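Reading through the structure tokens given below for one structure.
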Amino acid sequence: METPVVRFVKEYNNSRKTRFHMPGHKGHVFFGCEPYDITEIPGADVLHHGNGILAESQKNASALFGSGATHYSTEGSSHCIKAMLAILKMERGKEDGQDKPFLLAARNVHRSMVDACALLDLGIRFVMPERQESLCSAVISREQLEEAVAGCEKKPLGVYVTSPDYLGQMSDLASLSAVCKKHGLPLLVDNAHGAYLHFLKTPLHPLDLGAAMCCDSAHKTLPALTGAAYLHIHREYAGRFEPYAAQALAIFGSTSPSYLLLQSLDLCNRYLSGEYPDRLEGLVVKVEAVKEELVSQGICVKPSEPLKIVLDTAQNGYRGEEIAEEMRSFAIECEYADWQNVVLMAAPENTETDWERLSQWSAETKLVKEKKEAFPHKPFPAVKAEQVMGIREAAFSRHEVLPVYDAVGRVCAAETVSCPPAVPIAVCGELITREMAELFLQYGIEEVSVCIF
Ligand SMILES: Cc1ncc(COP(=O)(O)O)c(C=O)c1O
């Protein structure tokens, strides 16, 4: 597959032109990548309003993902999420006379979704799962969504879910999208962790399962530089949403997109169109075998999406952070650890040495050698949040920072998150409860920001 952006920058660099343009390094090496770090000079196209090499590269990506339109972002899924919500808001306009449109969303949203609601003055009505075992996961069923839609006196802007989530849990997007279609609601998916899903033998990408729009962090699972992301619009929704995409991305994006990241996305197209599906298939088999091996050794592994290995360390009597520390002594750094879990993310780029280290760790780990009683099963206290103030109003209010227990009974002013996973325990405008305060401490948050009236 052609890589027009990579080709252009290479030729420009080889031409040894005098750079009387930004960036200030002028292509001289300070860090190493400067010769390839250019800006939107003639011929390099313009990211959100392009018709040259960037448009061509994005079309290539769109063909690979089977989308109606694909847009690049150099500012992560965080940027694409804000743009998706802006597109919805612009497209709906004032059609139904609602002053403050709202979305139905599963509770485990990333903070960028709440930030988007604050910036766009949208409301969220959370659909709570029947059972929630962690802050990160809140998988909702078709029936729960049906019930939530039926309970809305006004039509929501759309439905928003995060799948896969940080713990690799996946929603039944095909069922959720069927409910959405029945009610004429677009399904938006935060697929930050699932760019690779389209390239599985049986594709499981949100676009394959009926989502209207989704964001993918290319950098999380594909060999792309940190910050590289896609905003995809489904073919059936392109006529409706694509006219607003450029403006929505531009509103929240920098006017200086990184060409290093754009080249990385461009190059990714060649990688995806080549042997990637085969390599991915091989990796899926490998990860499955590793999970089975861990289980046979007595290590608790949670079912998850194909490329994550999620260790339920609490079942083996250990906090995830302690096991993450143990892994460091085997030269392994995990993606995420909390009081319950350790999450490892794999890619075809992991080497045999990486897998050997994991195997050495599993043979030595105290999860098996110094077995303990499982932590008493504490169901995740469903956060019964009461929204007493608009998200925007609270996010932009005067505020003060208080120790968590002093904040009980006050209104949350900033999404209180532990990062990662950056999933808010309390959303701006919600009343902070004792249950929330306990959760803050469980996730290492000691102070929260509350509104001053
Ligand atoms: C579920 C989820 N959504 C969105 C994001 C934001 O992605 P990015 O870091 O690409 O901005 C993250 C980041 O970790 C995430 O875990």
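The values are calculated or read from the model by the stated rules, or taken from the named source; none is laboratory data. These numbers were taken from a predicted model, which means no experiment stands behind them. Methodologically, a virtual Cβ is constructed for each residue, glycine included, from the backbone with ideal geometry; neighbour enumeration extends over all protein chains shown.
Contact map, the range 101-125: first residue in the same structural domain as Y160 (by TED's automatic domain parsing), second residue of a type in the set (D, E) and within 11 Å of the ligand (Cβ to nearest atom), Cβ cut-off under 7 Å, separation 6 or more or different chains; pairs are N108/D165; H110/D190; M113/D190. Summed over the range 160-186, residues that are under 22 Å from the mean Cα position of the chain (by Cα) and away from the ligand (no atom under 16 Å from the Cβ) total 8.
When residues in the range 190-203 are screened for being part of a loop (DSSP other than H, G, I, E, B), within 16 Å of the ligand (Cβ to nearest atom) and not polar (S, T, N, Q), 3 of them pass. Taking (1) in a helix (DSSP H, G or I); (2) surrounded by fewer than 23 Cβ atoms within 10 Å (Cβ to Cβ); (3) in contact with a His (Cβ under 6 Å, 6 or more places away or on another chain) in turn, Y237 satisfies each apart from (3).
Step by step: first the residues of the range 72-116, then only those that are of a type outside the set (D, E, K, R), assigned to a helix (DSSP H, G or I) and within 12 Å of L157 (Cα to Cα), then the one that is farthest from the ligand (Cβ to nearest atom). Which residue is that?
So the first thing to find is which residues in the range 72-116 are of a type outside the set (D, E, K, R), and the list is 72-74, 76-81, 83-88, 90, 93, 97-98, 101-106, 108-110, 112-114, 116.
Within this subset, residues satisfying the condition of being assigned to a helix (DSSP H, G or I) are 76-81, 83-88, 90, 112-114, 116.
Now restrict to residues that are within 12 Å of L157 (Cα to Cα): 84-88, 90.
On the way: M84: 11, L85: 13, A86: 16, I87: 17, L88: 17, M90: 21 Å.
If we take residues in the range 72-116 being of a type outside the set (D, E, K, R), assigned to a helix (DSSP H, G or I) and within 12 Å of L157 (Cα to Cα), then M90 is farthest from the ligand (Cβ to nearest atom).
Return the residues of the range 202-238 that are more than 28 Å from E349 (Cβ to Cβ) and without any contact (Cβ under 8 Å) to a residue 60 or more places away in the chain; say none if nothing qualifies.
Correct list: G210, A212.
I'd like the full set of residues that are within 20 Å of H399 (Cα to Cα) and within 16 Å of the ligand (Cβ to nearest atom), limited to the range 415-437. Listed by number, the residues that qualify are E415, V417, S418, P424, I425, V427.
Yes/no per residue for (1) closer than 30 Å to I38 by Cβ; (2) assigned by TED's automatic domain parsing to the domain that holds A363; (3) away from the ligand (no atom under 16 Å from the Cβ); (4) surrounded by 20 or more Cβ atoms within 10 Å (Cβ to Cβ):
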site	(1), (2), (3), (4)
P243	yes, no, yes, no
Q247	yes, no, yes, no
S254	yes, no, no, no
V301	no, yes, yes, no
V310	no, yes, no, yes
G320	no, yes, yes, yes
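Within the range 178-213, the residues that satisfy the criterion of being among the small types (G, A, S) and surrounded by 24 or more Cβ atoms within 10 Å (Cβ to Cβ) are A192, G194, A195, A211, A212.
Filter the range 118-170 down to the residues that are of a type outside the set (A, V, I, L, M) and part of a helix (DSSP H, G or I), then identify the one that is surrounded by the most Cβ atoms within 10 Å (Cβ to Cβ). It would help to see each step written out before you state the result.
Step one: of the range 118-170, the residues of a type outside the set (A, V, I, L, M) are 121, 123, 125-126, 129-134, 136-137, 141-144, 146-147, 151-156, 158, 160, 162-166, 168-169.
Cutting the leftovers down to part of a helix (DSSP H, G or I) gives us 142-144, 146-147.
Working: R142: 15, E143: 11, Q144: 17, E146: 15, E147: 12.
Per the stated criteria, the residue is Q144.
For the residues E364, E400, the requirement of being closer than 24 Å to E335 by Cβ, at pLDDT 95 or above and out of contact with any Lys or Arg (no Cβ under 7 Å at 6 or more places or on another chain) singles out E364. Every test in (1) on the phi > 0 side of the Ramachandran plot; (2) more than 11 Å from the ligand (Cβ to nearest atom) is passed by G227 save one, and that test is (2).
Could you go through the range 265-276 and let me know if any residue there is among the hydrophobic types (A, V, I, L, M, F, W, C), surrounded by fewer than 21 Cβ atoms within 10 Å (Cβ to Cβ), assigned to a helix (DSSP H, G or I) and at negative phi.
At the first step, the residues of the range 265-276 found to be among the hydrophobic types (A, V, I, L, M, F, W, C) are 265, 267-268, 272.
Okay, now just the ones that are also surrounded by fewer than 21 Cβ atoms within 10 Å (Cβ to Cβ), so 267.
The next check asks that each one be assigned to a helix (DSSP H, G or I); those that pass are 267.
Next, from what is left, pick out any that are at negative phi: 267.
Among the residues of the range 265-276, at least one is among the hydrophobic types (A, V, I, L, M, F, W, C), surrounded by fewer than 21 Cβ atoms within 10 Å (Cβ to Cβ), assigned to a helix (DSSP H, G or I) and at negative phi, which makes the answer yes.
Among strands (runs of 3 or more DSSP E) entirely within the range 390-453, having at least 2 residues that are crowded, with 19+ Cβ neighbours inside 10 Å singles out 416-418, 423-426, 447-451.
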